[in-house]
Every structure is written in structure tokens, then in C-alpha cells.
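Structure first, commentary second.
The values are calculated or read from the model by the stated rules, or taken from the named source; none is laboratory data. This one's a predicted model, so the numbers in the text were calculated from it and none came from an experiment. Here the Cβ is made from the backbone with ideal geometry for all residues, glycine too, and neighbour counts use every protein chain on show.
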Amino acid sequence: MRRSPRHLTIRSACTLALAFFGMSSMSGMTAVDDVFGAAGNAVRDSIEVNGARFVYLADVSIDTTQGEALSSFSDWWIGVGWDVRRNPEFMGTMSTLDLVSNRPQLMLEHHLTLPRMGGRLGWNVVYSQPWRLAQEEVSDNAKGWIAESGSDWPLPVRQVILSPDSLFPEPDTLLAPLSIGNAIRIGGFWEGQKRLGWHPRLGVSFSLWRPQNWFLHQPGPTFESWQTVNASDTFEAGSWWNGRWRIDAGGTLDLGQRHPGVRAATQCRVLAYWVPGRHWGVNLSLAVSPTRR
């Protein structure tokens with residue numbers, strides 16, 4: 001069958017068009033491969049839209065200098081501390097509250113971190129063992145009390161007695177009837193942002209429970225003045241409010257740091273304390289947090 005010249009012309013045009021699109025597709029795939037080759041180890045991915053496949057590069061940028069602001073949170077702390085205070089010098093009368101006790105103190109604290117305030121607030125409970133006077137054990141012949149500096153006895157306080165004698169009264173001394181007492185005080189505190197490596201700390205506490213405070217009087221200057229002194233005259237109870245308040249001020253040092261801006265789980269504290277109307281000294285303590293991971 002003989003075909004017309006017009007039919008041959010249409011067939012030739014279709015063949016040329018298919019050849020052109022085929023070369024364009026091969027050129028496009030070659031260009032994509034060139035891009036991937038230049039990208040090196042970049043992650044490849046693709047999507048298909050209406051039967052057409054599109055290949056692209058997945059690029060993720062992470063800025064490690066930015067961090068999410070921490071919200072308020074709380075944690076618990078336990079610790080042990082010591083009050084450092086030299087033996088006081090008594091003139092005429094001494095107080096059992098002022099007698100030095102080297103026994104450690106146990107602490108339980110609850111901290112609330114407030115990023116907006118730039119620090120933390122909290123409350124604490126402190127257990128200590130001050131000296132307790134057993135007034136029922138005071139000698140009937142006691143005429144006063146003295147403090148012996150440099151004595152080997154942990155508590156250099158003695159009661160002066162006047163033993164009755166048929167010839168001549170003879171003064172003597174006995175150990176003071178003091179024993180270990182129990183005391184609990186509660187308080188609140190504030191810790192600020194770090195300055196020169198330390199976090200400033202300020203606290204106020206109140207003694208809820210403690211041994212009775214007794215004032216111990218020194219004996220008179222002469223034996224004659226002792227004749228009319230009874231044992232009950234040598235000591236008297238102090239006011240219930242006397243020496244109840246305590247003020248602490250100093251700094252907290254974090255031992256170790258896991259991440260910038262995150263407080264460590266171990267602290268060392270150096271605080272100066274003052275009991276209004278009684279005494280002052282320095283408190284050294286170490287605290288850890290079992291709830292801070």
C-alpha cells in the first residue's frame with residue numbers, strides 16, 4: 001500500500017519530538033546527579049507528584065548556643081554542719097546557751113529555684129545538741145560557777161563548793177552537771193546568683209525546741225560572803241525568748257557543675273551567724289541533694 005507524502009511528514013515530526021524530549025530528560029538527570037555529587041554526604045530524599053518524581057536535599061541546622069529557659073522547680077537537700085566559736089570569756093555570769101558544743105548539726109532543706117528572680121528560696125530544719133544543765137544534780141554545797149580555760153575536759157565549767165568542816169571551811173570544785181541536750185530550729189533563706197564563684201546566702205531561723213537556758217553566777221570574792229549563799233542562788237532560769245533568733249549570712253560554693261547554668265548536687269557553705277543578745281561565730285556545712293539528678 002502506498003503512503004502519501006503528507007503521512008510521512010507527520011510521522012517524521014513525531015519521531016524528532018520524541019528524540020528531543022528524551023535528550024532533555026537525560027540532560028536533566030545528569031544535572032541532578034552533578035548536584036548530588038557536589039553535595040557529597042548530603043542526605044537525599046524524594047517525593048512524587050502526579051507521577052513525576054522530585055529529588056531534593058534535606059538540610060537541618062541546629063544552633064547549640066541557644067537553650068530553653070528553665071522553669072521553676074524544687075528539690076530536697078540533706079547536710080551536716082558545725083558551729084565554730086571560741087570559748088567565751090565570762091565576767092560574773094555565764095549562760096548555758098553560750099557554752100561551746102563541738103557536736104555536728106543535721107540539716108534538712110527544701111529549695112525552690114526561681115529563674116525569674118535569679119536565685120532560690122527555701123526553708124530548713126536543723127537539729128543540734130547543745131548543753132543541758134541538770135539542776136537536780138547541782139551540789140547542795142555549791143556556791144557558784146567558774147569557767148576553767150585550758151582544761152582538758154571538753155566543757156571547762158565547774159561548780160565551786162564549800163565543804164563543811166569542823167575546823168575550817170575548805171573550797172573545792174566539781175564538774176558541772178551538764179549533759180547532751182536536743183534542739184530543733186526552723187527557718188527560711190535566700191540564695192542569689194553566682195558572684196566570684198560563690199552564691200550569696202542569707203537566712204533567718206528560730207529555735208522551736210531547745211534545753212532551758214540557765215544563767216550561772218560566779219562565787220563571791222570572800223568565804224564570808226559564801227556563808228549565806230544557797231545552791232539555788234547560784235543559777236537562775238533565763239527568759240524563754242532569749243537567744244531564740246539566729247541570723248546567717250555568707251556564701252554557697254557548688255562542688256562540680258554538670259551543665260552551664262545548672263546548679264550542682266553538692267554544696268559547701270561558709271556562713272557567719274549571730275544570735276542577738278548571746279553570741280556569734282562561723283558555721284561550716286556540707287549538703288547534698290538526693291533528688292537532683
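Of all residues in the stretch 214-244 being among the aliphatic types (A, V, I, L, M) and more than 28 Å from residue 273 (Cα to Cα), which is nearest to the chain's Cα centre (by Cα)?
Let us first name the residues in the stretch 214-244 that are among the aliphatic types (A, V, I, L, M), namely 216, 229, 231, 237.
Right, trim to more than 28 Å from residue 273 (Cα to Cα) and you get 229, 231.
On the way: 229: 51, 231: 46 Å.
Of everything passing the filter in the stretch 214-244, 231 is nearest to the chain's Cα centre (by Cα).
Just to be sure, is residue 234 in contact with a His (Cβ under 6 Å, 6 or more places away or on another chain), over 30 Å from residue 195 (Cβ atoms) and not aliphatic (A, V, I, L, M)?
Yes, satisfied.
May I ask you to list the residues in the stretch 245-288 that are within 14 Å of residue 84 (Cα to Cα) and over 16 Å from the mean Cα position of the chain (by Cα)?
Once the filter is applied, which keeps residues that are within 14 Å of residue 84 (Cα to Cα) and over 16 Å from the mean Cα position of the chain (by Cα), the stretch 245-288 yields 273, 274, 275, 279, 280, 281, 282.
I need the full set of residues from the stretch 207-236 which are of a type in the set (S, T, N, Q) and surrounded by fewer than 16 Cβ atoms within 10 Å (Cβ to Cβ), in order please.
If we filter the stretch 207-236 for residues that are of a type in the set (S, T, N, Q), which is where we start, we get 207, 212-213, 218, 222, 225, 227-228, 230, 232, 234.
Of everything in the stretch 207-236, those that are of a type in the set (S, T, N, Q) and surrounded by fewer than 16 Cβ atoms within 10 Å (Cβ to Cβ) turn out to be 212, 222, 225, 227, 228, 230, 232.
Search the stretch 232-249 for residues being of a type outside the set (A, V, I, L, M) and in a strand (DSSP E or B), and hand back the single one that is nearest to residue 140 (Cα to Cα).
Selected residue: 235.
Any idea which of (1) under 16 Å from the mean Cα position of the chain (by Cα); (2) assigned to a loop (DSSP other than H, G, I, E, B); (3) exposed (fewer than 14 other Cβ atoms within 10 Å of the Cβ) is the one residue 204 doesn't satisfy?
Only one criterion is unmet by residue 204, namely (2).
Tell me, yes or no, whether the stretch 139-149 has at least one residue that is under 22 Å from residue 128 (Cβ atoms), at pLDDT below 90 and touching a Leu at 6+ places or on another chain (Cβ under 9 Å). Show your work before the answer.
First pass over the stretch 139-149, keeping only residues under 22 Å from residue 128 (Cβ atoms): 147.
Imposing the further condition that a residue be at pLDDT below 90 reduces the set to 147.
Then keep just the ones that are touching a Leu at 6+ places or on another chain (Cβ under 9 Å); that gives 147.
Yes, the stretch 139-149 contains at least one residue that is under 22 Å from residue 128 (Cβ atoms), at pLDDT below 90 and touching a Leu at 6+ places or on another chain (Cβ under 9 Å).
Scan the stretch 82-104 residue by residue and report those that are among the polar types (S, T, N, Q) and either part of a helix (DSSP H, G or I) or touching a Leu at 6+ places or on another chain (Cβ under 9 Å) (or both). Before you say what the answer is, go through the steps one by one.
Initial filter on the stretch 82-104 (among the polar types (S, T, N, Q)): 87, 93, 95-96, 101-102.
Selection gives 87, 93, 95, 96, 101.
Quick test of your reading of the structure: residue 252 fulfils all but one of (1) assigned to a loop (DSSP other than H, G, I, E, B); (2) surrounded by 14 or more Cβ atoms within 10 Å (Cβ to Cβ); (3) not aliphatic (A, V, I, L, M). Name the failing condition by number.
With (1) assigned to a loop (DSSP other than H, G, I, E, B); (2) surrounded by 14 or more Cβ atoms within 10 Å (Cβ to Cβ); (3) not aliphatic (A, V, I, L, M) applied to residue 252, the lone miss is (1).
Filter the stretch 170-201 down to residues that are part of a loop (DSSP other than H, G, I, E, B) and out of contact with any helix residue (DSSP H, G or I) (no Cβ under 6 Å at 6 or more places or on another chain) and give me whichever is modelled with the highest pLDDT.
The extreme case among them is 182.
Just to be sure, is residue 269 surrounded by 14 or more Cβ atoms within 10 Å (Cβ to Cβ), assigned by TED's automatic domain parsing to the domain that holds residue 89, among the basic types (Lys, Arg) and under 16 Å from residue 189 (Cβ atoms)?
Judged against the criteria, residue 269 is a match.
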